[in-house]
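Q: Please see the structure below; I have some questions.
Bear in mind that the values in this text are calculations on the coordinates, not laboratory data. Model, not experiment: these values are computed from the prediction. Note that each Cβ is placed from the backbone with ideal geometry, even for glycine, and that neighbours are counted across all protein chains shown.
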């Protein structure tokens, strides 16, 4: 079975589960809305601080003076740099905590759906609340790694940046099953054990190189290619018939529809990837194929050890 055919089969069977349990499609929307609310709250906080200083110019002058303490070039003082770093780290942690909380709720219901149970949004979030301590500890570890890599990358040269990018990829691969591990083991609190469990799932079951569900990106890539071809064809059509007002309206409408179609495709592929990751973890730990996936589709996610 070729990679494209296998990827399409995975995507199709994931769509079948989505169609059967359509509530799964709601979780990413809720996660997006929660993230948007967080961004709005951050913007509101920054706006409030700016407004406060505008209403209190004497405090603004005092705060501005802190920038000049670093030297003649008006570089930020050490204290100001520390404050900015702490604020950035806290915001990063809150964002990571929110993302992982929704991921636990989402993956827990995906696993129930794969086992043939009905999906419940409320039950997913109740389960995430029960595992909040584990989610918080994992978020602390993940956000710390993210902040450290970000700080080092800003100060590294070209080779250093490439090395850190590689480290980031290794981290992403090693931690891909951490959330499923937290879900399946209700006694698991130590984030390092969750990371170890995730890495062991990759290494001991199929090998050390993740390759399978990346094939789902072929579907997204095909969609992007078709979008580009469609835009070019529409432009050529407009060039042939003339760019009159009705033609421009038609072209704009078609491009809008294609953009919406591309967004929907990317959304569905993202959900399909999460379904596939959940099926892989259940297969690795229960040694049985879950849902409608075949042995070949599951096992092909990783390159076997040589």
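Q: At a 10 angstrom cut-off on C-beta neighbours, averaged per residue, how do the peptides 88-98, 230-240, 144-154 rank from highest to lowest?
A: Packing order, densest peptide first, comes out as 88-98, 144-154, 230-240.
Q: Hey, with R₀ at 25 Å, roughly what FRET efficiency would residue 243 and residue 263 work out to, going by the Cβ-Cβ distance, to 0.05?
A: Between residue 243 and residue 263 the formula returns 0.45.
Q: Could I have the simple spin-label model distance between residue 222 and residue 187, label points 7 Å from Cα toward Cβ, reported in nm to one decimal?
A: Label at residue 222, label at residue 187, 4.6 nm between them.
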